[in-house]
1. Near the amide H of Glu126, under 5 Å away, which other amide H atoms are found, from residues 5 or more places off or on another chain, if H is placed in the peptide plane?
2. Could you grab the relative contact order for region 16-173? Cα pairs under 8 Å, six or more apart, rounded to a whole percent.
3. Going out from 0 in 5 Å bins, what whole percent of all Cα-Cα distances in region 11-63 drops into each bin?
4. Would you mind checking the tilt of helix 233-248 against the longest principal axis of the Cα atoms of the chain, expressed as 0 to 90 degrees and rounded to 10?
5. For region 188-201, just list the computed ³J(HN,Hα) in residue order, Karplus coefficients 6.51, -1.76 and 1.60, θ = phi - 60°, integers in Hz, with x standing in for Gly and Pro.
6. Place the peptides 208-219, 258-269 in order of packing, highest mean first, counting for every residue the other Cβ atoms within 10 Å and averaging per peptide.
7. Report, in whole Å, the centroid distance computed from the Cα atoms of region 500-538 and region 278-311.
8. What value, in deg cm²/dmol to 500, does the helix sum -39500 (n - 2.57) over DSSP H runs of n ≥ 4 give at 222 nm once divided by the residues of the chain?
Amino acid sequence: MTSAGTLPEDLARLRDQLAAVPFALDTPGRDAAVRAVRSVVDQVDDHLLPRLRDVDAPLLVVVGGSTGAGKSTLVNSLLQAEVTRAGVLRPTTRTPVLVCAPADRGAFADDRVLPVQVQTHPAVPEGLALVDAPDVDSVVEANRELAGQLLSAADLWVFVTTAARYADAVPWDLLRTAAERGTALAVVLDRVPPEATREVAADLAGMLERAGLSQARLWVVEERPLADGFLPEDQVAPLRGWLRDLAADSGARAEVVRQTLVGALASLDDRVAGVARAVDEQAAAASALRTAADAAYGRAATSVDDGVRSGTLLRGEVLARWQEFVGTGEWMRSLQAGIGRLRDRVTAAVTGRATPAQDLTGALESGVERLLRSAAETAAEDTVTAWRGLPGGAGVVAGRERELSTVGPAFTEDAGRTVRDWQGAVLDLVRGEGAGKRSRARLLSWGVNGAGAVVMVAVFAQTAGLSGAEVAVAGGTTVVGQRVLEAVFGDSAVRQLAERARRDLDERTEALLHVEHRRFTELLDGTAGPDDAAALRESAATVARARG
Ligand SMILES: Nc1nc2c(ncn2[C@@H]2O[C@H](COP(=O)(O)OP(=O)(O)O)[C@@H](O)[C@H]2O)c(=O)[nH]1
Ligand SMILES: [Mg+2]
């Protein structure tokens with residue numbers, strides 16, 4: 001600990017970053033990482049920071065172990081006072097008791113955020129505090145977690161187990177963690193039938209040694225009748241004496257503090273590295289989900305484009321309206337006579353009915369809308385299907401399947417407006433076409449609606465590679481009419497306008513699909529990214545340097 005000055009700050013930064021990592025996606029490593037984050041954050045708050053800020057604060061001795069092992073009885077017996085409730089109680093919401101000497105009360109006033117009820121008792125030696133922790137194997141999860149939190153806040157663990165339970169799995173998981181971290185540890189083998197003392201104690205000592213815990217002091221307490229709820233003095237006096245000596249010897253105390261602190265700091269490397277890998281996993285999952293949505297909406301744009309290019313729009317209803325538009329011969333005559341503009345106005349004004357140009361425009365509108373809707377629906381379905389199969393995706397989709405599997409609520413309105421806006425823009429294009437040029441006069445001689453309809457048909461015809469003749473034939477008109485139409489579609493002004501109109505439709509389609517696409521990507525906003533993992537690694541490395 002060469003630069004103790006920056007270590008608390010560096011630790012606090014690491015802690016804040018860990019606490020802020022969003023584990024939004026249900027990836028395989030998420031739950032373990034969330035637990036690791038909580039345990040590191042708790043340990044930084046409960047143990048490392050308070051300890052680094054005040055190395056001389058009282059030694060925190062946490063008495064932990066299995067249900068009914070006799071922890072509370074032991075704490076009371078050590079103090080010859082009932083400071084904590086013994087007895088097999090329902091493991092409900094009892095707050096664990098921390099008991100310290102009256103002179104040390106201030107050390108636990110506000111600095112440590114431990115969820116304990118602080119009590120003072122003159123029997124506690126100064127320089128040491130005892131915590132009666134919940135059962136590490138409690139049936140209540142919150143109690144188990146609290147037990148773990150208190151143990152990782154300890155300078156010294158006093159592990160209480162019994163002749164009957166000492167081989168249980170849960171305590172050994174914790175003991176192995178203690179061994180890995182080099183946490184200062186004492187073990188109390190409690191409630192041992194006197195006749196089995198040697199055998200059981202030897203067996204447990206062997207297990208401790210094999211677990212790399214041979215340094216841990218082992219105390220044996222025989223099962224005897226209690227007097228006023230207290231263990232017989234001869235059973236509890238040796239442990240009490242050891243704790244008193246430890247409290248009185250500032251050098252020994254400092255050594256225990258240092259041992260546990262160094263181990264806890266060193267354990268951060270692996271624990272944070274594990275969290276950082278889980279953050280990588282989150283970032284990779286988010287990226288794969290984004291890629292899948294991008295691909296689905298990319299295909300949607302392509303399929304709209306394909307629909308435009310294939311010429312399929314010029315079939316069915318549109319074809320019928322096109323035939324009506326050119327087949328009546330009215331437009332053709334007006335085309336030849338240059339009176340379209342007049343006719344357009346007159347028909348609409350006099351009959352109040354839609355003109356053939358308007359009918360054709362309307363048919364094109366529905367055709368393009370259908371194309372957009374089908375592409376957007378397919379993209380939504382494809383994205384949902386892809387996400388269900390990707391890590392973290394099912395969790396994001398869960399509960400939203402119905403809303404996500406189809407187009408968004410505003411789509412119908414937006415798509416209609418998109419197409420109508422596009423058609424309006426085509427008419428504006430026609431109106432604004434080469435002011436003063438000859439082509440303008442010619443175009444406008446067909447009437448704005450008529451010219452607009454021709455340009456729209458040209459968009460789909462040209463992109464589909466249909467020749468003017470083919471479009472003319474589709475119009476089912478006379479031979480003369482065909483020649484006129486061929487001339488119209490071959491007209492460079494029409495061709496250029498159609499090309500601009502097609503690009504405009506592409507852009508509007510893109511904007512419409514973007515809104516749909518965004519419904520998916522916004523669900524990934526705020527997921528962890530590679531930067532989060534890098535920041536954690538950087539901060540962990542800084543802490544490792546600072547601790548020396
Ligand atoms: N006779 C006897 N009873 C004990 C001994 N230690 C604990 N008990 C009893 O065992 C039960 C559980 O003890 P307790 O201290 O509450 O265990 P905890 O769950 O580990 O806190 C209580 O009823 C105690 O009175 C002992 O050494 N001898
Ligand atoms: Mg208890």
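Read-outs throughout are calculated quantities, based only on the coordinates presented, and are distinct from any laboratory measurement. Just so you know, these numbers come straight off a predicted model, no measurement behind them. Using ideal geometry, Cβ is built from the backbone for each residue, glycine included, and neighbour counts are taken over all protein chains shown.
1. none
2. Dividing the mean separation by the residue count of region 16-173 yields 31 percent.
3. Calculated P(r), rounded to whole percents: 4, 18, 23, 19, 14, 11, 7, 4, 1.
4. 70 degrees
5. 10, 8, 9, 6, 8, x, x, 5, 9, 3, 4, 4, 5, 4
6. Order by mean packing, descending: 258-269, 208-219.
7. Going from one Cα centre to the other spans 10 Å.
8. That comes out to -21000 deg cm²/dmol.
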